[in-house]
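Novice: Starting off with a structure, shown below.
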Amino acid sequence: MIAEAVPVIDPPVPRSRLQRAVASFSEFLRHMRRRWYLYVPVFAIWGLAYTRLFVDPTPRVPVVFNWTPSLPYRVALVHAVPAALHRGDYIVFAFAGDAQTDYPGLRGQPFFKIVRGLPGDAVTVADRVVAVNGEPVGLAKVRAYDHRALEPIQPTVIPPGHYYVQGTSPDSFDSRYRSSGLVRVEQVIGVVQPLF
């Protein structure tokens with residue numbers, strides 16, 4: 001009688017977490033190489049988005065997309081800045097504020113707001129309620145989402161070449177806060193026509 005040899009199978013060698021991660025990443029790279037035509041557009045869009053965010057955030061096309069709750073509109077057309085802005089105009093402006101100390105990541109970022117105060121208007125603050133010419137326009141919150149203290153804007157008369165802007169959400173970061181402040185005319189990128 002002939003005994004049949006049974007092959008000896010070595011038990012699998014346990015792999016470390018790092019080895020599994022490297023193997024998984026290698027498999028992903030092989031998949032990317034086979035399907036490169038799917039990844040090129042994705043990486044191109046990401047690259048353009050990061051360039052826009054960190055290098056030059058100024059909108060270069062006449063369409064603005066708003067994904068914040070600051071205003072109820074999601075898509076709007078941008079027009080050239082007229083000689084004078086009017087109360088109720090929607091504008092896009094480059095954030096300046098006190099960006100060096102409070103919010104350096106926002107410097108130059110486009111904000112989409114509505115003009116509520118014009119040069120010569122009086123801005124007053126009573127118990128964190130901000131008013132323009134005696135009409136309440138918003139309540140300044142005590143803290144931001146990141147728990148930083150928020151100070152309301154100082155009572156003032158809006159000087160020439162400046163505007164008080166506001167979002168429609170109670171959480172909007174707008175002129176009611178000292179860190180954001182009034183918007184100078186040179187910050188205004190364009191007047192906006194909301195579409196939907």
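Novice: At q = 0.13, 0.16, 0.20, 0.21 Å⁻¹, what is the log10 ratio I(q)/I(0) for the stretch 63-194, with the Debye formula run over Cα points and no solvent?
Specialist: So the normalised log intensities work out to -0.49, -0.76, -1.23, -1.35.
Novice: Count charges around D89 for me, please; just the other residues with Cβ under 13 Å from its Cβ, Lys/Arg as +1, Asp/Glu as -1.
Specialist: +3
Novice: Run the numbers on the stretch 151-196 and let me know its relative contact order in percent, using alpha-carbon pairs under 8 Å that are six or more apart.
Specialist: Contact order relative to length: 37 percent.
No lab work stands behind these numbers, since they all come straight from the coordinates. Nothing here was measured: the structure is a model prediction, and the numbers come from that model. So basically every Cβ, Gly included, is an ideal-geometry build from the backbone, and we count neighbours across all protein chains shown.
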